[in-house]
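S.K.: The structure is given below, and queries will be raised subsequently.
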Amino acid sequence: MVTLASSPFPQGLLAAKRSGYAVPVNLNSFFRSTLIALACLAPFKQTATLAADKPNILIILVDDLGYGDLSSYGAKDLKSPHLDALMADGMRFDSFYANCPVCSPTRAALLSGTYPDIAGVPGVIRTHPQNNWGWLSQDVTLLPNVLKDAGYHTSIIGKWHLGLEEPNTPNGRGFDYFKGFLCDMIDDYYKHRRHGINYFRENRREIDPHGHATDLITEWGIDYVNNRKGKDEPFFMYLSYNAPHTPIQPPQDWFEKVKAREAGISDKRAKLVALIEHMDDGIGQVINALKKNGQYENTLTIFSSDNGGQVNVGGTNGNHRGGKQDMYEGGLKVPTCAVWPGKIKAGTRSNLVGITMDLYPTTCAVAGAKVPGYVEGKNILPTMLGQAQTFDRDLVFVRREGGLRYNGQDYHAFRRGDWKLVHNTPFAPYELYNLKDDPLESKNLANTNRKKFNELATALRLHYQRAGKTPWQKPAK
């Protein structure tokens, strides 16, 4: 409903008319004002109608799920029926990359549509300044802002990990609704603290919920989609699970179920399997809520992980080298799918080389939203809809980190076609691989193909120079 600020009749004339005096009303002025008021109403009606025709958008991002840690991706000791069903209901991507082998940078790429270091987040955002490696730039327009302009109600449920204070909070950066936690991780899935600090919020209000974090995120996701049922305004929900990130702490009954089912499985692996299966069950509950509400058919659902699995806690990354924190394929390639009933053909697969930042312009294309000019991700909606796409582009992977292994420096990978340059720590030599001939990255060609090595190294240096213009520390007051 639109409330007009004033009547077309001046108040003095209305009072005189009520008193019974003959008033010489200027009819031209009256009709002109009335037409203007009616014209103002038209865009509101048109916008509401257009918004109602747009699909809901659900992006599910999980934390540290390895390429080999779903049964649909080859796990033999793990059952993930709900995610397997989701994969089968749309298009599975077999060559999809996270923008970084750790959390914050990939999340920055998802929500900004560009490389993490261009967005000011080359590394992990943490509580303590001496161990913090990013500050989300004010020069990037986050995805919820452009979707709001296209008529969407926007929400994030779960893990944020892009800032602990204003202006870099979910509500400060464009989300209409937030329920989850601000920090990088939680030290206990039940106690919900990080360094003894409670970072759980509903919008800007501190909350202290009870229960396993995975169950809470599932419950809050269901609450949100139920709340949006029957609304004309479509929704965008960024459902951001912290599972299966450390600590590997599944509910006890889920752990016992895995131990009883999988003969000979180690406790370490059983705990991770149980944490993933518990998360899979939660995601299934959210999908079932969408179906029950009649929302699923008109929802584009995208599922992915923020990086590869953590090997030292039992994670597996399929037939790939390395894992979380590594610039090898195991740290970067992630299970991914897109589902849109009636639009994306069920049971299809794609080998298109995609990357997290592509999801920004892709969802904008679905929503009819304007993509900011700085965005470097590619719209892969045509691929999802069954149309052929190829991209002649380079992919850059960068992370900055502290500790003795990294000493506050960057390390990188760079892909051009089938060729990949890897710099897996700041103190290791650069390596060169041909992924087509050597998908396991076992034959280092850095010394035998210097021409290709120099070509990729030169291109990577150009990225350093460009990204170096973006500050990654909080500006001084």
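The values are calculated or read from the model by the stated rules, or taken from the named source; none is laboratory data. It should be emphasised that the depicted structure is a prediction, and the values quoted were computed from it without experimental measurement. With ideal geometry, Cβ positions are generated from the backbone for all residues, glycine too; neighbour counts draw on all protein chains shown.
S.K.: Counting only residues that are touching a Phe, Trp or Tyr at 6+ places or on another chain (Cβ under 7 Å) and of a type in the set (A, V, I, L, M), which one in the stretch 192-226 is surrounded by the fewest Cβ atoms within 10 Å (Cβ to Cβ)?
M.R.: Looking at the filtered set, the residue picked out is 207.
S.K.: Please verify whether residue 470 is β-branched (Val, Ile, Thr) and either under 30 Å from residue 343 (Cα atoms) or surrounded by fewer than 17 Cβ atoms within 10 Å (Cβ to Cβ) (or both), treating the condition exactly as stated.
M.R.: no
S.K.: Would you tally the residues in the stretch 379-419 being in contact with a Phe, Trp or Tyr (Cβ under 6 Å, 6 or more places away or on another chain) and either without any contact (Cβ under 8 Å) to a residue 24 or more places away in the chain or β-branched (Val, Ile, Thr) (or both)?
M.R.: Qualifying residue count for the region: 1.
S.K.: Another question about this same structure. Looking only at the stretch 202-219, count every residue that is free of Cβ contacts under 8 Å to residues at least 24 places away in the same chain and not in a loop (DSSP other than H, G, I, E, B) and tell me the total.
M.R.: Number of matching residues: 4.
S.K.: Let me ask something else. If I ask for residues that are within 12 Å of residue 381 (Cα to Cα) and crowded, with 22+ Cβ neighbours inside 10 Å, which ones from the stretch 338-360 would you list?
M.R.: Matches in the stretch 338-360: 338, 339, 340, 354, 358, 359, 360.
S.K.: Name the residue, out of 118, 157, that is under 29 Å from residue 353 (Cβ atoms), modelled with pLDDT of 95 or more, β-branched (Val, Ile, Thr) and surrounded by 23 or more Cβ atoms within 10 Å (Cβ to Cβ).
M.R.: Of the residues listed, the single one that is under 29 Å from residue 353 (Cβ atoms), modelled with pLDDT of 95 or more, β-branched (Val, Ile, Thr) and surrounded by 23 or more Cβ atoms within 10 Å (Cβ to Cβ) is 118.
S.K.: Oh, and also: What's the total number of residues in the stretch 71-83 that are in a helix (DSSP H, G or I) and buried (at least 16 other Cβ atoms within 10 Å of the Cβ)?
M.R.: 5
S.K.: OK, next. Restricting to the stretch 331-360, name every residue that is closer than 22 Å to residue 233 by Cβ and under 18 Å from the mean Cα position of the chain (by Cα).
M.R.: Hits for the stretch 331-360 are 339, 340, 359, 360.
S.K.: Just a yes or no: is a residue in the stretch 308-320 touching a Gly at 6+ places or on another chain (Cβ under 9 Å), more than 24 Å from residue 384 (Cβ to Cβ) and part of a helix (DSSP H, G or I)?
M.R.: Yes, the stretch 308-320 contains a residue that is touching a Gly at 6+ places or on another chain (Cβ under 9 Å), more than 24 Å from residue 384 (Cβ to Cβ) and part of a helix (DSSP H, G or I).
S.K.: Select from the stretch 112-131 the residues that are in contact with a strand residue (DSSP E or B) (Cβ under 8 Å, 6 or more places away or on another chain) and of a type outside the set (Ser, Thr, Tyr) and list them in ascending order.
M.R.: Result: 116, 117, 122, 123, 124.
S.K.: Here's another thing I want to ask about it. In the stretch 386-402, is there at least one residue being assigned by TED's automatic domain parsing to the domain that holds residue 141, touching a Gly at 6+ places or on another chain (Cβ under 7 Å) and surrounded by 16 or more Cβ atoms within 10 Å (Cβ to Cβ)?
M.R.: no
S.K.: I would also like to ask the following. Pick from 413, 428: which is surrounded by fewer than 18 Cβ atoms within 10 Å (Cβ to Cβ), of a type in the set (Gly, Ala, Ser), out of contact with any Cys (no Cβ under 9 Å at 6 or more places or on another chain) and outside the structural domain of residue 116 (by TED's automatic domain parsing)?
M.R.: 428 is the lone residue from the list that is surrounded by fewer than 18 Cβ atoms within 10 Å (Cβ to Cβ), of a type in the set (Gly, Ala, Ser), out of contact with any Cys (no Cβ under 9 Å at 6 or more places or on another chain) and outside the structural domain of residue 116 (by TED's automatic domain parsing).
S.K.: Output the number of residues of the stretch 149-185 satisfying the condition of being of a type in the set (D, E, K, R) and assigned to a strand (DSSP E or B).
M.R.: Final tally of qualifying residues: 2.
S.K.: Please determine whether any residue of the stretch 117-129 is over 21 Å from residue 350 (Cα atoms), basic (Lys, Arg) and either part of a helix (DSSP H, G or I) or touching a Gly at 6+ places or on another chain (Cβ under 6 Å) (or both).
M.R.: no
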